[in-house]
Structure formats: structure tokens, C-alpha cells
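Notes for the one structure printed next.
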Amino acid sequence: MKVGIIAWRAAQERLPTLMALAARNIHLESTRCPLCGDYDETSDHLFVSCQSSQVIWQVIAQWCKVPTLYAFSIKDLLDFHLTIQGTEKRRKVIHAMVLITIWSIWKLRNDRVFNQAETLHSKTIEEIKSLGYLWVRCRSKESDITWNSWRRFDVFTK
């Protein structure tokens, strides 16, 4: 369950972000966020306030048919599902999507840092949707979720 561990470590500020590495006296050329380059990279910045991440959160929230996600910390992201109207199953799916999005942003960041990959929001968003489908379909007792209904996010609405 690496996805949950990444979210937990991010909430505890225990991920090896550039500021965390600098605090451990590891010499770095820069502590700027590899996605936006505007601010120092902390977990809260990377997952919450980075404009690159905010684009991803906005698209995922719109796709999940939930209000725009306004967060000031990772804890706000992790508690977002508690504010969602609907069934308990829907809240669980939204929580899963938050965890998967955190995981995917971390992967995007690492791909940028270690492979100098271009930041492609569309690719990351499609990966989030695909991983979400596989995860929810395999973990849900209702395995009749189709890819088409998932793409429209017409799941667990009742």
C-alpha cells in the first residue's frame, strides 16, 4: 500500500523533499520546487500550493464532480472526503482518488527530478484516472464498474 504510505509520510513532512534534504545537511544546487520553480519544495508546497499540482487537483475535482478542492495543508487534502455529500462508498472513492493523486504528483515530481522529464499534466491526470479505476474496481465489492462509467465518474452516486 505504497499509495497510503506516501500520503502519510507527506502529512508528517517525512518525504525527501528538497527542503527536507537541505535540513539534513545534504548539499543541493537549489531547493526550489522542480515542478514550478517558484518556491522552496516542502510537502505542503508540492502537494497543495504548487500551481502545477493545483491544475491537477482542479481537473480531478471537476472530473469527480466535487467542489473545487481548497486546501491549506496536506491534512486538508486527506480530510476532504469527509466534506463530500453522498454515500459512504462515494466518500471512500473520493478519498482513494485523493491518495492516488498525491501518489501521482510524487511520481511526476520524481520523474522530473531524476529523469528531467517534461511536466505533462494530461498524462498524469490520465494515469490518476486509470489507477483509480483499477484500484476501486479491485477493492470494491461491486466489481460491475465499467470503464465507461468510470470515465464519466458515474459511480456510487446513489
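Throughout, read-outs are computed from the coordinates displayed, never taken from laboratory work. Here the structure is a predicted model, which is why all the values come from computation and not from measurement. Note that we place each Cβ from the backbone using ideal geometry, even for glycine, and neighbour counts take in every protein chain shown.
Taken together, the residues in segment 12-47 that are within 20 Å of the chain's Cα centre (by Cα) and basic (Lys, Arg) amount to 2.
Would you tally the residues in segment 117-155 being assigned to a helix (DSSP H, G or I) and aliphatic (A, V, I, L, M)? Don't jump to the end; show me each part of the working.
Here is the first cut: in segment 117-155, the ones assigned to a helix (DSSP H, G or I) are 121-139, 147-151.
Still in the list and also aliphatic (A, V, I, L, M): 125, 128, 131, 134, 136.
Summing the residues that are assigned to a helix (DSSP H, G or I) and aliphatic (A, V, I, L, M) in segment 117-155 gives 5.
All conditions in (1) assigned to a helix (DSSP H, G or I); (2) out of contact with any Cys (no Cβ under 9 Å at 6 or more places or on another chain); (3) not acidic (Asp, Glu) hold for Ser52, with the sole exception of (2). Farther than 17 Å from Lys123 by Cα and part of a helix (DSSP H, G or I) - does that describe any residue in segment 99-110? Scanning segment 99-110, I find at least one residue that is farther than 17 Å from Lys123 by Cα and part of a helix (DSSP H, G or I), so the answer is yes.
For segment 93-134, the set of residues classified as in contact (Cβ under 8 Å) with a residue 40 or more places away in the chain and farther than 30 Å from Thr31 by Cβ consists of Val93, Ala96, Lys129, listed by residue number.
Which residues, taken from segment 20-34, are out of contact with any His (no Cβ under 8 Å at 6 or more places or on another chain) and surrounded by 21 or more Cβ atoms within 10 Å (Cβ to Cβ)?
Pro34
Phe114 meets each of the listed conditions (1) more than 30 Å from Val155 (Cα to Cα); (2) of a type in the set (Phe, Trp, Tyr); (3) not in a helix (DSSP H, G or I) apart from (3).
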